[in-house]
Amino acid sequence: MRLILAVLIVLLVLAVAATLDALIYLGQLPSGTRTFSLTEPSNVTKLKVSDINGYVQVHQWSRSYVKVNGTESYLPPGVRVLVVRSGTALTVEVTRPALLSFLPIPFFVNLQVWVPWNLTASYSVGDVNGYVQLNLLNFTSLSASTVNGEVVLNLRNGGEALASTTNGEIDAAVGPLGKLSLQSVNGEVRLTLTSPVRSGSYLVSTVNGDVWVTLPGGSGASVSLATVNGDVKAFGNFTAETSSSTSFSGTLGGGGATFLASTTNGDVIFTG
């Protein structure tokens, strides 16, 4: 009985999907591409951006207001882009009815957000199918995540930053931060410090992929590297060094910051 019910549900889902696809083809449902743009006052201390299918980009610019640009493609009924302001908190969110999450109907919403360069705020950016990119000069805290896609970070000054993806790479170029965590499951992770670092905590890891960490001259750090199936390579003037083919620990430039870099299946390459 349960098997019959499950088969009926699958057939119903396929039938609804086929019907919606046919209606889109016949022009009875929204199709094609539409763009939108809006502006908000600059007094934002918290920005949240959430997408389902499509990329998300957040940039800082020289203008004195917040701008949101979006491109919608083939949105089925019920899928909406909500922009909600509550005090100094701004939310940009793509929502859909629960039923549509089970239907194979392609749609995309690409979002671009610009905020003033002198704005210091907290950021939370999430996606499901699409890449996430943040280019920020100043921030207090940051969270960037996606399930299927790449995460790209270009950060200058800030406190805590967390980035994660399940299926995709992470590429981060950052200045000295209080805390940074970059975590992938299936994909390479690359971290480049753009100026010397002597404080803060940095975690860089993946399961399937290589890990690359690069520090400029003048940095001071305690470094711990590890892999299971791969090689560990450390380049720099280290002291208090212990190493093997799959692990390394040492102190660079007298210490200061803490770096932990690891993978299960891949190499770890550290240059300082």
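The values are calculated or read from the model by the stated rules, or taken from the named source; none is laboratory data. This is a predicted model, so every value here is computed, not measured. Glycine gets a Cβ as well: all are built from the backbone with ideal geometry, and neighbour counts include every protein chain shown.
Before moving on, here are some points about what is shown:
- Selection count, segment 163-193, where residues are closer than 23 Å to Thr140 by Cα and touching a Lys or Arg at 6+ places or on another chain (Cβ under 8 Å): 6
- So Ser64, is it touching a residue at least 24 places away in the same chain (Cβ under 8 Å) and surrounded by fewer than 18 Cβ atoms within 10 Å (Cβ to Cβ): yes
- Filter result for Arg156 (more than 25 Å from Val125 (Cα to Cα) and charged (D, E, K, R)): no
- Of all residue pairs spaced 6 or more apart or on separate chains, those with beta-carbon atoms under 7 Å, a first member in segment 71-85 that is over 16 Å from Val125 (Cα atoms) and a second member that is of a type in the set (D, E, K, R) and not in a strand (DSSP E or B) are Gly78/Arg96; Val79/Arg96.
- The residues of segment 225-263 that are in contact (Cβ under 8 Å) with a residue 40 or more places away in the chain and buried (at least 16 other Cβ atoms within 10 Å of the Cβ), listed by number, are Leu225, Ala226, Thr227, Gly253, Gly256, Ala257, Phe259, Leu260, Ala261, Ser262, Thr263.
- Segment 36-61, residues that are buried (at least 17 other Cβ atoms within 10 Å of the Cβ) and either in contact with a Lys or Arg (Cβ under 6 Å, 6 or more places away or on another chain) or under 26 Å from Gly149 (Cα atoms) (or both): Leu47, Val49, Ser50, Asp51, Ile52, Asn53, Gly54, Tyr55, Val56, Gln57, Val58, Gln60
- One residue stands out in segment 75-103 among those that are under 29 Å from Gln183 (Cα atoms), at pLDDT below 90 and not hydroxyl-bearing (Ser, Thr, Tyr): the one that is surrounded by the fewest Cβ atoms within 10 Å (Cβ to Cβ), namely Ala98.
- Pairs are defined by a Cβ separation below 6 Å, a sequence spacing of at least 6 or placement on different chains, a first member in segment 202-224 that is among the acidic types (Asp, Glu), and a second member that is buried (at least 21 other Cβ atoms within 10 Å of the Cβ) and not in a strand (DSSP E or B); the pairs so defined are Asp210/Gly266.
- Residues being touching a Ser or Thr at 6+ places or on another chain (Cβ under 6 Å) and assigned to a loop (DSSP other than H, G, I, E, B) are represented in segment 258-267 by at least one member.
- Yes/no for Asn129 being surrounded by fewer than 17 Cβ atoms within 10 Å (Cβ to Cβ) and within 14 Å of the chain's Cα centre (by Cα): yes
- When Leu162, Leu182, Leu153 are checked against the criterion of being surrounded by fewer than 23 Cβ atoms within 10 Å (Cβ to Cβ), modelled with pLDDT of 95 or more, under 20 Å from Pro216 (Cβ atoms) and within 11 Å of the chain's Cα centre (by Cα), Leu153 stands alone in meeting it.
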